[in-house]
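Heads up, the thing below is written out as structure tokens.
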Amino acid sequence: MANSETLQEVALVLLGTGIPAIGPKLQNKKDAEDVVRSYVLAIHNLIMKAGESPYKVLFQKQEDGRYSVLMDGSGASVKILTNLDELMLRRFRHAFQKNMFILTSFCEEANGCLECLALTEGLGAVLYAP
């Protein structure tokens, strides 16, 4: 995820029955679509390498005190999110108790509202990590 290192903001919403959708917040829809597609491709490649082996979702502290979210499976790992502050991490962990989340991206609409691409465009990866 070359672009994920430079992203500064992460958004989190709860969809349906409290399933968290989390991802980077970008300024325009094109960039948000590109990022979520790169996530889906990286996750697909990780799962293809891992085969039937399970994967884990890990939280790793960064040097600046924020956190990264990684997927780890069969000796390979993918950094899926960076720059989560402690409050965002706590909110995500609380919502993640259903062992499922949607990795997506967000962009600002012209009216200033936040658009979740999993909801509006169907873009994202549904991850289940028991």
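The values are calculated or read from the model by the stated rules, or taken from the named source; none is laboratory data. Small disclaimer: the values here were computed from a predicted structure and weren't measured. We place every Cβ from the backbone using ideal geometry, glycine too, and count neighbours over all the protein chains shown.
Values computed for the structure shown
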{"read-out": "Among (1) in contact with a Lys or Arg (Cβ under 9 Å, 6 or more places away or on another chain); (2) on the phi > 0 side of the Ramachandran plot, the one test that G65 misses", "value": "(1)"}
{"read-out": "Residue within segment 82-92 that is within 15 Å of A21 (Cβ to Cβ), in a helix (DSSP H, G or I), at pLDDT 85 or above and of a type in the set (F, W, Y) present", "value": "yes"}
{"read-out": "Matching entry among V69, V78 (being of a type outside the set (S, T, N, Q), farther than 22 Å from L14 by Cβ and at pLDDT below 95)", "value": "V78"}
{"read-out": "Scope segment 39-67; condition in a strand (DSSP E or B) and in contact (Cβ under 8 Å) with a residue 40 or more places away in the chain; matching residues", "value": "K56, V57"}
{"read-out": "Test: residue in segment 33-54 that is farther than 19 Å from L123 by Cβ, in contact with a strand residue (DSSP E or B) (Cβ under 6 Å, 6 or more places away or on another chain) and crowded, with 18+ Cβ neighbours inside 10 Å", "value": "no"}
{"read-out": "Filter result for L46 (under 23 Å from F106 (Cβ atoms) and under 14 Å from the mean Cα position of the chain (by Cα))", "value": "no"}
{"read-out": "Where a residue in segment 79-105 is on the phi > 0 side of the Ramachandran plot and its partner, wherever it lies, is small (G, A, S), with Cβ under 7 Å and at least six apart", "value": "N99/A129"}
{"read-out": "Candidates L70, L123, filtered to the one that is touching a residue at least 40 places away in the same chain (Cβ under 8 Å) and within 12 Å of the chain's Cα centre (by Cα)", "value": "L123"}
